[in-house]
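Below: one structure, written as C-alpha cells.
The values are calculated or read from the model by the stated rules, or taken from the named source; none is laboratory data. Just so you know, these numbers come straight off a predicted model, no measurement behind them. FYI the Cβ positions are ideal-geometry reconstructions off the backbone, even for glycines, and counts take in every protein chain you see. Protein only, heavy atoms only, side chains kept; ligands, DNA and RNA dropped before computing areas. Shrake-Rupley method; radii C 1.70, N 1.55, O 1.52, S 1.80 Å.
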Amino acid sequence: MTGRVRGVLAAVGLLGVLGVIAGPVAAAQNRPPGVPRGEIAIPVAPESKVASSNGPLRQLEPDGPFRGARAVVVMVSHGARTTVRLHVTGAGHARGTFGAHLHTGPCVAGDGAAAGPHYNIDVIAGRKPVRMDREREIWLDFTVSPSGAGTASTVVPFAPKPGDRSIVIHGTTGTRVACLPLTWD
C-alpha cells in the first residue's frame with residue numbers, strides 16, 4: 001500500500017469517526033449533524049411548501065419581557081403535515097416558560113388584537129364542536145434559558161391556508177406580549 005493510499009484511508013477513517021461522534025452530539029443538542037448551534041434545520045422535500053420569518057420581535061405590551069429579543073420561525077408543509085420550529089434569542093428580560101402559537105392575523109406592534117385568534121383547523125373548516133389541542137393548533141411552548149434563548153418545535157397533521165399570519169408569544173396569564181410576522185403563501 002502506497003503512502004498516498006494510506007493517507008486517503010486515514011482521512012476517510014477520521015471523517016467516519018467524526019461522523020460517529022458528531023451524530024450523537026448533534027442529536028443530544030436537538031439538531032442534525034453539520035447544523036451550527038442556533039441554526040434551524042428541517043428536512044425539505046422538493047414538493048414542500050416553506051415559509052420563514054427572522055427578525056426582532058414586535059412588542060405587544062409596553063416594557064414587555066421580550067424587548068430587544070429576536071426570533072426565527074420556519075414552517076414547512078409536505079402534503080397534510082406541517083413542521084414548525086421557533087428559536088428566540090436575546091430574551092434576557094424574560095424568565096420562565098411561555099406559550100407561542102400561530103394566529104390567524106398579522107403581527108402589529110402594540111396591537112395584540114390584530115393577530116386574531118389562534119389558527120385552529122376546526123374553526124377554519126367550520127367543524128363543531130371546536131377542539132383546542134396540539135392536533136388542531138400550532139403550539140410552540142418554550143422555556144427561556146439563562147442565556148435568553150428558547151426553542152420549540154411541533155408537527156401538526158394539517159397545512160395552514162395562505163395568509164398573513166403571526167407567531168404570538170403569550171405571557172403566563174395568557175396576555176399577548178410579543179409577535180413575529182409570518183406570511184404563508
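Here are a few things to note about the model shown:
- Only one of P162, P129 that is under 30 Å from E47 (Cα atoms) and either open to solvent by 10 Å² or more (accessible area, probe 1.4 Å) or not acidic (D, E) (or both): P162
- If you go through the stretch 117-126 and keep only what is surrounded by fewer than 18 Cβ atoms within 10 Å (Cβ to Cβ) and either under 20 Å from the mean Cα position of the chain (by Cα) or not in a loop (DSSP other than H, G, I, E, B) (or both), you end up with P117, D122, V123, I124, A125.
- Whichever residue in the stretch 72-100 is open to solvent by 30 Å² or more (accessible area, probe 1.4 Å) and among the polar types (S, T, N, Q) and, among such residues, is nearest to the chain's Cα centre (by Cα): T83
- From the options A109, A113, residue that is part of a helix (DSSP H, G or I) and farther than 30 Å from S48 by Cα: A113
- Condition check for P129: closer than 25 Å to S48 by Cβ and part of a loop (DSSP other than H, G, I, E, B): no
- Positions within the stretch 60-71 being crowded, with 19+ Cβ neighbours inside 10 Å and out of contact with any Lys or Arg (no Cβ under 6 Å at 6 or more places or on another chain), in sequence order: G64, P65, F66, A69, A71
- Residue in the stretch 143-154 that is hydrophobic (A, V, I, L, M, F, W, C), in contact (Cβ under 8 Å) with a residue 40 or more places away in the chain and not in a loop (DSSP other than H, G, I, E, B) present: yes
- Boolean, H103 is open to solvent by less than 40 Å² (accessible area, probe 1.4 Å) and either among the acidic types (D, E) or in contact with a Cys (Cβ under 9 Å, 6 or more places away or on another chain) (or both): yes
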